[in-house]
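For reference, the structure is listed below as structure tokens.
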Amino acid sequence: MERGRLILDINSMPSPVKNHLPDAMQDLKSHITSYAIQCGFDLVRITGADEFAEDREAALARIKAGQMDGLPWFTESRVRRGADPQELLPGARSIICLGLSYLGPDGTEAPGPGKGKVARYARVKDYHRTMKRRMKSFVRGLEESLETPVAARWYVDDGPMLDRAAAARSGLGWFGKSTNILTQSHGSWVLLGQVVTDLELEPDPPLKKTCGTCVRCIVDCPTGAIVAPFVVDNARCISYQTIENRGVIPLEMRPLIGDWIFGCDICQDVCPVNRKADLPLQPIPAAEAVGPSGQLDLAEILALTEEEFRRRFQGTSIMRAKRVGLQKNACVALGNNRDEAGVPALVSALETVEPLVRGHAAWALGQIATPEAIKSLKRSLKSESDPYVQEEINAALLESRQRFLGKEGLGGEPELAP
Ligand code: B12
Ligand code: SF4
Ligand code: SF4
């Protein structure tokens, strides 16, 4: 897109804007707000283009404390750049902060047997694409209505911008203790984007709202990831472990992950502000491969080839975890379900090419600990050559022995053929 500068001179303004202008800035702002809603956003607020100094310091402190460990791309230089809108768009004057709700009518029901749960935001089509498309047509439409090029850059999640900091300063919402941005109308079920522009717009004030004395999210987070109000330790968060972690899920985290196989919504599901959340006006289309209740069949996930995985999840946020990640998560969920019906799928997973999937399948079999599960672990130990997987199998056998003894009293180990 051609970039330019808009000089806000009322006399030179095009008639569509000038005509209904008692006050130029106010009118331009309401034009922008209503047009953003028309382009498919639920919330629109404006903030200035000055630095996010406090947020930068908070983010740098989080990195230093090791609380962003595991995200190698979340670097100090990225934070410094993202916290300074002038770095993102030289000459920036305003940031148009946008919120798009992804709340669906179906929600929190516990998955049936053999099923794993996907966080709500991934039950709709990849929001990056939807929001960027809507933002692009928003900026193009603005240029047309203002009859001048508008210098603008837009961000959703994957850019250096501190999305929540911009949303909070613009009054789009306020920081909840879970670190999620809460909004009055849509709760925290909003995805955030920003258009950084050289348009001079009147900033909105931040909201005066806070969480008050509530600590529900901190208490109910199963992993203790919200280590203090407004501080999430990335590595303890189920969302990180099931989406971003490219390696082994730490042993101590696995039982805490429950049946989440992509993301986690617990700190949002328990939040009282979310009880009154409105549904979106123009919803993001559903991700049919996931379904509105976000329940996926774990055995089916384990059986997917690379090509089948792509075909099924292309265009959804699930792609972020990659096939191996999703299969690793499916193993953990099956292990936590302790559902004997999951054993055949896990036994097949013990033979897959990827050591990470084999290792997590071994762990799950050790949790289920039926004679068939133990037998398959013993059998695969004989042929396994990867030291990491061998370690997982040995640990699983130890665990399964303890579980079996727990189940059967002191009756000894099951009779197992080698
Ligand atoms: C890295 C990241 C993650 C990481 C780390 C999360 C984290 N809390 O930092 C992981 C993978 C765990 C993650 C998980 C999730 N994420 Co995420 N994630 C991001 C990303 C890319 C960067 C976040 C970041 O800058 N973190 C750094 C820390 C320092 O920032 P922060 O936690 O917001 O901390 C601020 C406050 O604590 C505040 N602060 C500090 N002290 C104090 C004190 C007081 C009194 C106050 C008021 C504030 C305050 O200052 C800090 C800096 O602004 C953003 C997109 C982006 N580009 O911004 C999405 C983003 C934050 N994620 C998002 C979502 C939807 C999620 C999940 C809900 C997904 C899911 N269902 O699984 C979970 C929620 C988990 C949680 N409780 O945070 C949305 C959040 C939307 C919203 N309404 O808030 C974002 C904005 C993406 C988007 N564009 O919509 N995410
Ligand atoms: S997303 Fe889940 S694990 Fe992460 S902070 Fe929220 S409740 Fe805790
Ligand atoms: S659960 Fe309570 S403390 Fe946590 S974000 Fe919601 S209102 Fe704030």
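The values are calculated or read from the model by the stated rules, or taken from the named source; none is laboratory data. Just so it is clear, the structure is predicted and the values come from calculations on it, not from any experiment. Using ideal geometry, Cβ is built from the backbone for each residue, glycine included, and neighbour counts are taken over all protein chains shown.
I'm checking my understanding of the structure. Among residues of region 288-304 that are among the hydrophobic types (A, V, I, L, M, F, W, C) and surrounded by fewer than 21 Cβ atoms within 10 Å (Cβ to Cβ), which one is nearest to Gly335 (Cα to Cα)? Can you show your working first?
In the first step, residues of region 288-304 are kept if they are among the hydrophobic types (A, V, I, L, M, F, W, C); the result is 289-290, 296, 298-299, 301-304.
Within this subset, residues satisfying the condition of being surrounded by fewer than 21 Cβ atoms within 10 Å (Cβ to Cβ) are 289, 299, 303-304.
Working: Ala289: 23, Ala299: 12, Ala303: 16, Leu304: 19 Å.
Among those that are among the hydrophobic types (A, V, I, L, M, F, W, C) and surrounded by fewer than 21 Cβ atoms within 10 Å (Cβ to Cβ), it is Ala299.
Just to be sure before I move on: is Ala235 within 30 Å of Asn336 (Cα to Cα), more than 10 Å from ligand 3 (Cβ to nearest atom) and assigned to a helix (DSSP H, G or I) in the structure I sent? Step through it out loud before you land on a result.
On the way: within 30 Å of Asn336 (Cα to Cα): yes; more than 10 Å from ligand 3 (Cβ to nearest atom): yes; assigned to a helix (DSSP H, G or I): yes.
Here the answer is yes, as Ala235 does meet what is asked.
Looking at Thr179, Thr210, which one is touching a residue at least 24 places away in the same chain (Cβ under 8 Å), of a type in the set (S, T, N, Q) and either touching an Asp or Glu at 6+ places or on another chain (Cβ under 7 Å) or more than 14 Å from ligand 2 (Cβ to nearest atom) (or both)?
Thr210
Yes/no per residue for (1) out of contact with any Asp or Glu (no Cβ under 7 Å at 6 or more places or on another chain); (2) part of a loop (DSSP other than H, G, I, E, B); (3) not aliphatic (A, V, I, L, M):
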position: Gly224; (1), (2), (3): yes, yes, yes
position: Val227; (1), (2), (3): no, no, no
position: Ser239; (1), (2), (3): yes, no, yes
position: Pro250; (1), (2), (3): yes, yes, yes
position: Asp278; (1), (2), (3): yes, yes, yes
position: Pro292; (1), (2), (3): no, yes, yes
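Can you name every residue in region 157-201 that is within 16 Å of ligand 3 (Cβ to nearest atom), assigned to a loop (DSSP other than H, G, I, E, B), within 14 Å of Tyr121 (Cβ to Cβ) and out of contact with any strand residue (DSSP E or B) (no Cβ under 6 Å at 6 or more places or on another chain)? Don't jump to the end; show me each part of the working.
Let us first name the residues in region 157-201 that are within 16 Å of ligand 3 (Cβ to nearest atom), namely 164, 167-168, 172-190, 192.
With the extra rule that they be assigned to a loop (DSSP other than H, G, I, E, B), the set shrinks to 172-173, 176-180, 184-186, 188-189.
From what's left, within 14 Å of Tyr121 (Cβ to Cβ): 180, 186, 188-189.
Hit for region 157-201 is Asn180, nothing else.
How many residues are surrounded by 24 or more Cβ atoms within 10 Å (Cβ to Cβ) and either β-branched (Val, Ile, Thr) or not in a helix (DSSP H, G or I) (or both) when one looks only at region 318-327?
Final tally of qualifying residues: 1.
Any chance you could count how many residues in region 34-68 are of a type in the set (Ser, Thr, Tyr) and without any contact (Cβ under 8 Å) to a residue 12 or more places away in the chain?
First, pick out the residues of region 34-68 that are of a type in the set (Ser, Thr, Tyr): 34-35, 47.
Of the ones still in play, those that are also without any contact (Cβ under 8 Å) to a residue 12 or more places away in the chain are 34.
Result for region 34-68: 1.
Just need a number here: residues in region 328-341 that are in a helix (DSSP H, G or I) and either more than 14 Å from Arg254 (Cα to Cα) or basic (Lys, Arg) (or both). Write out each step before concluding.
Step one: of region 328-341, the residues in a helix (DSSP H, G or I) are 328-337, 340-341.
Then keep just the ones that are either more than 14 Å from Arg254 (Cα to Cα) or basic (Lys, Arg) (or both); that gives 328, 340-341.
Qualifying residue count, region 328-341: 3.
Table: residues versus (1) among the small types (Gly, Ala, Ser); (2) modelled with pLDDT under 95; (3) not in a helix (DSSP H, G or I).
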| site | (1), (2), (3) |
| --- | --- |
| Val343 | no, no, no |
| Val347 | no, no, no |
| Gly359 | yes, no, no |
| Leu381 | no, no, no |
| Tyr388 | no, no, no |
| Glu392 | no, no, no |
| Gln402 | no, yes, no |
| Pro414 | no, yes, yes |
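Given (1) closer than 30 Å to Asp339 by Cα; (2) modelled with pLDDT under 95, where does Pro149 come up short, assuming only one miss?
It is condition (1) that Pro149 fails.
In region 197-216, which residues are within 13 Å of ligand 1 (Cβ to nearest atom) and touching a Pro at 6+ places or on another chain (Cβ under 9 Å)?
Cys211, Arg216
What's the total number of residues in region 161-179 that are under 16 Å from the mean Cα position of the chain (by Cα), surrounded by fewer than 24 Cβ atoms within 10 Å (Cβ to Cβ) and not charged (D, E, K, R)?
The qualifying residues number 2.
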